[in-house]
Structures are given as structure tokens and as C-alpha cells.
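The values are calculated or read from the model by the stated rules, or taken from the named source; none is laboratory data. It should be emphasised that the depicted structure is a prediction, and the values quoted were computed from it without experimental measurement. Note that each Cβ is placed from the backbone with ideal geometry, even for glycine, and that neighbours are counted across all protein chains shown.
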Amino acid sequence: MSTDIERQWTSRIRHSVVDKLPPDKLLPDTQPAYVASWIYVFGVTTMAALGVIILTGIILALDGPQWWHSSTLGHFVNSMHLWSVEIFFFAMVVHLWGKFSMAAWRGGRSLTWVTGAVTFMASILAGFTGYVSQTNFDSQWIATQAKDGINSTGGGAFFNVLNLGQMLMLHIVLLPIAAVALTGIHVVMVRMKGVVPPFEDATTEVSA
Amino acid sequence: MTKKPFRPDVDAPVYKGPYVPYDIIKEGAIAVLVVFILTAALALVFSSPDEKAVTIKTWSNADAVDFAQTAGDELAGTSAVANYGAPYNNNGTSQHWGFLSPEKWIGVRIQINTTNDFVIDPLSAQPAQPALSAALSQWKSASSATQTAWDDAFNKAEPNLTYSNGKVNIPTKAAGPIPVLLNYETQMARSGALDQALVTQAGFYTTNFTKPLLFVSDGTYFAGLAEKQHLSGSQWGMMNETGQYPGQAWLWLYTFWYQIHPYSTSASADFLVWGTMMILTALMVLVPFIPGLRSIPRKIKIYRIIWREHYAAKL
């Protein structure tokens, strides 16, 4: 009976997940003493800003894409959306340079770096589609300028920055899902592998 | 068990030092609270820009001459959009680098015929008026050689085009029906009807503003407004936004290339900039796998500042 249970897909997946990411790694209560620099704050700041972006974005979405032009509350929420995006990118760029300076891909963490970098790219796309979905002069100008670059790659034939409907749907559905999913994968990888240790001067050997 | 030599830019040493208490949930909660308060404070103090969108109505009322000249260029097929090339039409030279020209390979997928889409079709949808109907009929029944002759006459007279007493004046008698068409087009634009006509060509419901945006971007009025708001290409363009706001500062490197040679003078500047950015992006994403590049952090030693307490404790 117990052998049958152990063979279940559910049991196997649970064992695999728990083996790779036990609760004390997912939600640790201690960390290595070398994690003692302000640079480490920028990763969690990026995630916190992403949370505020999503919260304010949901509020902006409730009454349609033009509500914020005619409502004082809407304009304030839009302002919070804008500034949380600015904080998000500032924190993310500092986080990226910090992790580069630490060569944070060492010790089997290459994919952690790759998912972080891809998240940065997806975030740029999410930010850009937001800028061209504002339904004001900025969105008009940015869209008409950006079209030339995208058209030159052939991508403009499929990613039409002058099509508000397409840009808005990408901005509020597909790209947020991508950004959140990639961030989730990135964070899980960080928790699985832990924070990269410092460089050591002495030559060290690792087991293969 | 086999042993491999330690590769300092690939492998990480096993940490055997002390651990310290760490409350990850508390850290996350404080971060959310601090960012929320900071965001609300920045929003209260600095707000956010919201310049009204330019409509064809506001444009044609603010600068009827620029509008009529642009509409004439759209009709004559001499505007920037009329000669853009892919993905809008086959009239332009595609951007390329050597034999690479994806714009050309993919071809026209968002068909724009400025003569018909921006002038003839909207005017044809207007309620019948004898002078307009006659001008449209004259245009549509003319041979392409005759239309070209009218276009040439218009192009010569265009710099001297004026607008007074609600009328577009084109100082030529050789432009066939073009003066009449442009007068009705300008009337239509100033009433706001052209804005609607350009977006409703695809039906009642629409969220696609490709045609009016392309039309507006062909005029000098729109670019002039952007210039005043420090938004033109030579002013680091699309990474900025109206007012004193940071804009998309993270696009600085993308915008930077447009400011320097050979990008700034190339007819294929957009393609070259995108190509450069794609290569740099690939390098960034793949840096853990690129020998030399992945050694930079170890050699520049910024990590010694980041982990200074760790190294100090080891002394």
C-alpha cells in the first residue's frame, strides 16, 4: 500500500519539491554572516515595488484606461503607479550591478542570473507598453518614435506600438504575468541555491 | 569522487563561517511598507505628467496650413508615411545592414495607402455635396499620369499655401481637384469628423489608432510640440516624457546610440541601434558562460567593498 502511495505522481512531485526546496530554505531564519551589505536590500526593494506596481495597476484597470485623466483619485493612483515603476527600475538596476560585481552566477547559479536578466528585459517591455498606453501626448509621441526602431527589426509587423488595444492588453495581462512568473522562478532559484559566497583568495577545490 | 580544478569565475567556495538570525518575512513586510509610503509621498509631491493627446481637430485648428500641407502630401503620396516602406507599404527603402533586412523580408502587414486611407476614403464617407462629389469623381476617374501632374503642381505651390477666412488657398490652377479636396478635408478635420473617420474605418468598435497617429506624425505641428517638451531624437527622445520627470531612464543606453556616429548619420540607424542592443543584451544574459567577461567582477574587485566586513573578519 505504502509503495503504491510512494509511486503516485503527487507523492513523487512533493518529495522532489521538498528535497530541492525544504521549508527552512524557502523561509530561512538564519543567513550566512557575509550577507551584510546595503546592496542586498535592492532585491527585496525591487519585489516590493513590483507589488505596489501591481496593486496600483489593478486599481487603474478597474475603471478603464482613461479614468485617471478625469479623476483626482485616478491621477494620484497613476502617479503612484509611475513612481513605483521608477523605484522598481532603480532598485532592479542597482541589484543587477550589485550581483554582477559579486559574480553571483558562481556555484551553479547561472540560471538564477539568466532568469534575473530576462526578468529585466520583460520589465522593460512592460514599462514601455505602459508608456504607450497612457492615452495622452506622451503615449502618442513615444509610440510614433518607437515604431521606427521596432519596424526596422521586422517586429513592427506583429508588435504594432500604434495599436492601443494590443499594447494595453500586453501591458495589463501578458507582460505582468511574465514579470511575476519570472520573478517567482528567480526567487525560488535564489532560495534553492542560497546567496553566493564571497570570492576567496586561496585556491579551492570543488567536488564534481 | 573526481576532483576538478577550482574555477574562480564559475565555482563558489563552500562557506563554513557563521550564520546570523534573519527574518525574511519581516524584511519583506518592511520593504513593502517603506516602498508604499515612499511611492505615495513621491506621488503627492511630484504627481505625474498628463499632457492632453493631440487630435487632428486640435492640430488643424491650431495650424491649418501645416495640416493642409500634410494632407496634400498624403494625397500626393509624398509624405514620410507614404514613402515609409514595410510594414506599411512598398514605397520606401528598407533599413538594412549588409544583406540583413528583416523589415523587407517580413514585408507589408499593416497596409497604409495614405492617398485613400487619409484623404479619399474619409471624404467619400461624407454626406454628398456637389462640389466635393465632383472633385472626388474627377480624382477617381483620372489616370495616374493626370493625378501625378496635379500632384506635381500642388507640390510646387505647397510652400505658398495659405489659410484665411476658413479657406485653404493654393496658388495654382494646375492642381485639378486637389484644392477642393483639401478644403473639404480641412473643414472635416477642424470639425473633428476626420478623427472619427480615421479610427472607425475598421468598424464601430476600435482600439487601433495606427492611422490617425501616422497622419499626425507626418505634420510639423506634432514634432514642434515634442521639441518644446525636449522630446525629439536629438534630445534623447523617447526615454523622456513631458515635464520634469525621469521618464524611461533605463532606456538611456538605447537612446545613447542615436546621439553618436555612425548611428546618428546612418539611414539604417534604427536597425543598427537595435542590432547593437540585441548583441549587448545577449552578452548580459549569457555573461556567466562567456570567458573573460565573467572574470570582470573578480578583477575590478568591487566585491571587496560589498563584502568588506567578511574580509575584515578574516584578517
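Observations, loosely collected:
- Residues of the stretch B:163-185 classified as assigned to a loop (DSSP other than H, G, I, E, B) and under 18 Å from B:Trp59 (Cβ atoms), total: 1
- Residues in the stretch B:141-165 that are more than 33 Å from the chain's Cα centre (by Cα) and in contact (Cβ under 8 Å) with a residue 12 or more places away in the chain: B:Ala142, B:Thr146, B:Ala149.
- Some residue of the stretch B:225-244 being without any contact (Cβ under 8 Å) to a residue 40 or more places away in the chain, under 26 Å from B:Ala82 (Cα atoms) and acidic (Asp, Glu): yes
- Annotation: of all residues in the stretch A:129-157 being within 7 Å of chain B (Cβ to nearest Cβ) and small (Gly, Ala, Ser), the one that is farthest from B:Met278 (Cα to Cα) is A:Ala143.
- Within the stretch B:284-295, tally of residues that are more than 8 Å from chain A (Cβ to nearest Cβ) and of a type in the set (A, V, I, L, M): 2
- Positions within the stretch B:57-104 being at pLDDT 95 or above, part of a loop (DSSP other than H, G, I, E, B) and among the hydrophobic types (A, V, I, L, M, F, W, C), in sequence order: B:Ala80, B:Val81, B:Ala82
- For A:Val161, the conditions (1) surrounded by fewer than 17 Cβ atoms within 10 Å (Cβ to Cβ); (2) in contact with a Lys or Arg (Cβ under 8 Å, 6 or more places away or on another chain) are fulfilled apart from (1).
- Residue ID - surrounded by the most Cβ atoms within 10 Å (Cβ to Cβ), chosen from residues in the stretch B:186-208 that are assigned to a loop (DSSP other than H, G, I, E, B) and of a type in the set (Gly, Ala, Ser): B:Gly192
- Test result for B:Ile300, at pLDDT 95 or above, exposed (fewer than 13 other Cβ atoms within 10 Å of the Cβ) and over 15 Å from B:Pro8 (Cβ atoms): no
- The C-beta contact set for the stretch B:258-282 (first residue away from chain A (no Cβ under 11 Å) and in contact (Cβ under 8 Å) with a residue 24 or more places away in the chain, second residue part of a helix (DSSP H, G or I) and loosely packed, with under 15 Cβ neighbours inside 10 Å, distance under 9 angstrom, 6+ apart or interchain) comprises B:Gln259/B:Ser234; B:Leu280/B:Leu253.
- Residue pairs meeting the criteria (Cβ under 6 Å; at least 6 apart or on separate chains; first without any contact (Cβ under 8 Å) to a residue 60 or more places away in the chain, in the stretch A:13-32; second surrounded by 11 or more Cβ atoms within 10 Å (Cβ to Cβ) and not in a helix (DSSP H, G or I)): A:Thr30/B:Tyr19; A:Thr30/B:Tyr22
- Residues of the stretch B:1-29 that are farther than 20 Å from B:Arg298 by Cα, of a type in the set (Gly, Ala, Ser) and in a loop (DSSP other than H, G, I, E, B): B:Gly17 alone.
- Among the residues of the stretch B:105-119, the one identified as among the charged types (D, E, K, R) and buried (at least 20 other Cβ atoms within 10 Å of the Cβ) is B:Asp117.
- Residue check for B:Arg304: charged (D, E, K, R) and either under 16 Å from A:Gly149 (Cβ atoms) or at the interface with chain A (Cβ under 8 Å from one of its Cβ atoms) (or both): no
- Single residue of A:Val187, A:Val195 found to be under 28 Å from A:Ala104 (Cβ atoms) and outside any helix (DSSP H, G or I): A:Val195
- You will find that of B:Thr93, B:Thr70, the residue that is of a type in the set (S, T, N, Q) and surrounded by fewer than 22 Cβ atoms within 10 Å (Cβ to Cβ) is B:Thr93 and no other.
- Of the helices (runs of 4 or more DSSP H) lying entirely inside the stretch A:1-100, those containing at least 3 residues that are among the aliphatic types (A, V, I, L, M) and over 26 Å from A:Pro197 (Cα atoms) span A:41-62.
- Test: residue in the stretch A:25-33 that is under 20 Å from the mean Cα position of the chain (by Cα) and either farther than 25 Å from A:Leu175 by Cα or within 12 Å of chain B (Cβ to nearest Cβ) (or both): yes
- Here A:Thr119 passes the criteria (1) under 22 Å from B:Glu51 (Cα atoms); (2) more than 9 Å from chain B (Cβ to nearest Cβ); (3) crowded, with 20+ Cβ neighbours inside 10 Å except the one numbered (1).
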